[in-house]
Amino acid sequence: MTIYLRLFWEFFKTGLFAIGGGMATLPFLHDIGETTGWYTQAQLMNMLAVSESTPGPIGINMATYVGFTVAGVPGAVIATVGEVTPSIVIILIIAALLKSFRENRYVDAGFYGLRPASTGLIGASCVTVILEVLLCTQVVTTGSLLNGLSWAGAVSVQGLILAAVLLVLTNWVKPTKGLHPIFFILFSAVVGVVFHFAGV
Amino acid sequence: MKELWELFITFAKMGVLTFGGGMAMLPILQREVVETKRWATEDEIVDYFAIGQCTPGIIAVNTATFVGQKRKGISGGIVATLGVVFPSLIIISILAGLINNFSDVAWVQNAFAGIQVCVCVLIFNAVLKLLKKSVVDKWTAAIFVLVLLGGVFLNISPVWFILVAAVLGILLKNLEVKRK
């Protein structure tokens, strides 16, 4: 029972503080994995990839997937319900006072500070993920401060090349940059299999 | 009861058709809710979407709650949200079960190692896109850099960054007003 309560609480917090859509939940899921040990960051990356490639909003797919990984189907339901509960309550309140909310000076000012912070948190997740996946480092934290990076001594050269190719394809090449992420995910899966990315 | 069921089915359909982020939902929402069902006007949908983006939670869920609430009050809001998450629950649970069973297979491991590289790039692109909308002046740029560094080097909950940034936003905006 306790794991279900903890799961609900963790996702309730995620739903309450993640602002700006599905990707904004990532730093929180990162944090949950680290503090509870329920899943590794590599597992989280896989879950994100599957969530981007299946129907449904990414944020919901990720909550469902993480919940399933932690505690099966009941976990999936509880994590998802936990994540949407704050939304439902907040939106129902806002809907009741819609006009005054949009014109409130403090709400507006709060969001002025919130938005870059939310982007900064996703940026931090991005840096951590790049360190782990492309540079094969393990981020070592003791207590509350970063203690150092333990480097396995092997930069993933083929990973860096694939990343560079994808960066160009998704941002600068006209015919491919508008494509849905699922195409790039499938492409990367094929490249991974052909070039034995996991080394097996 | 019939109306609630209709809300559930309509939003479940939208959950299936939304592929990617909440943004992908907007065109489908316009067609289903505005043109076919006439549950809300075009302007209302744009308002709901704007608020859904800047309030906590998933954009698709926030918008669904709004439309459901308008149609059928609190129960409508809840039912529409349950509808939009229902397909995800089914699809992901089935897929997750399958993937867990095959995760020892060599080619599956190789495929996911490739996919992880792609995920790095996709997150990076998401940050670039969000930067344009959230960093509008030197103060917001400073908040972005500080939170980025804090997020990487400090091992504290993201919740604190969000709370402090909201307070900072209010302080900065008020200083600005006073100076003028």
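List of remarks:
- Selection among B:Leu7, B:Val67, B:Ile143 by position relative to the dipole of chain B gives B:Ile143 as farthest towards the positive end (Cβ unit charges, Cα centre).
- Of the peptides A:49-59, A:66-76, the order by per-residue mean of other Cβ atoms within 10 Å, starting with the highest, comes out as A:49-59, A:66-76.
- Bridge type composition, the protein assembly as shown - antiparallel percent by DSSP, nearest 5: 75 percent
- Our analysis of the range B:41-180 gives Rg over Rh at 1.07, with the two radii drawn from alpha carbon positions and Rh computed by the Kirkwood formula.
- Local electrostatic count at B:Val152 - Lys and Arg +1, Asp and Glu -1, tallied over other residues with Cβ under 15 Å: -3
- The calculated Kirkwood hydrodynamic radius for the protein assembly as shown is 21.3 Å, given to one decimal from all distinct C-alpha pairs.
- Structure-based [θ]222 nm, chain B - -39500 (n - 2.57) summed over DSSP H runs of at least 4, per residue, nearest 500: -27500 deg cm²/dmol
- Residues B:Glu6 and A:Leu179, FRET efficiency given R0 of 41 Å [Cβ-Cβ distance, rounded to 0.05]: 0.75
- Average beta carbon contacts from partner chains per residue of B:130-136, 10 Å cutoff: 6
- Shielding by other protein chains, B:164-177, mean Cβ within 10 Å: 5
- Too-long pairs where the Cα-Cα distance tops 21 Å, listed order kept, from A:Lys13/B:Lys133; A:Lys13/B:Lys70; B:Lys133/B:Lys173; B:Lys2/B:Lys72: A:Lys13/B:Lys133; A:Lys13/B:Lys70
- Between B:Val79, B:Val152, B:Val46, the Gaussian network model of chain B with springs among Cα atoms under 10 angstrom shows the greatest mean-square fluctuation at B:Val152.
- Net charge dipole, chain B: roughly 540 debye, given to the nearest 20, about the Cα centre with Cβ charges of +1 for Lys and Arg and -1 for Asp and Glu.
- Each chain gives up part of its surface: B and A jointly bury about 8300 Å² of accessible area, both sides summed, for a 1.4 Å probe.
- Highest-MSF residue in chain B out of B:Gly15, B:Gly76, B:Gly57 [GNM, Cα springs under 10 Å]: B:Gly57
- Solvent-accessible area, 1.4 Å probe, carbon plus sulfur percent, for the protein assembly as shown: 69 percent
- Per-residue average of Cβ from other chains inside 10 Å of A:25-34: 3
- Computed over chain B: relative contact order in percent, which uses C-alpha pairs under 8 Å that are six or more apart: 19 percent
- Gaussian network model of chain B, Cα within-10 Å springs - most flexible of B:Leu149, B:Leu89, B:Leu128: B:Leu149
The values are calculated or read from the model by the stated rules, or taken from the named source; none is laboratory data. Quick caveat, the model's predicted, so the values are computed rather than measured. Note that each Cβ is placed from the backbone with ideal geometry, even for glycine, and that neighbours are counted across all protein chains shown. Please note that ligands, DNA and RNA were not included when accessible areas were found on the heavy atoms of the full protein model with its side chains. Shrake-Rupley method; radii C 1.70, N 1.55, O 1.52, S 1.80 Å.
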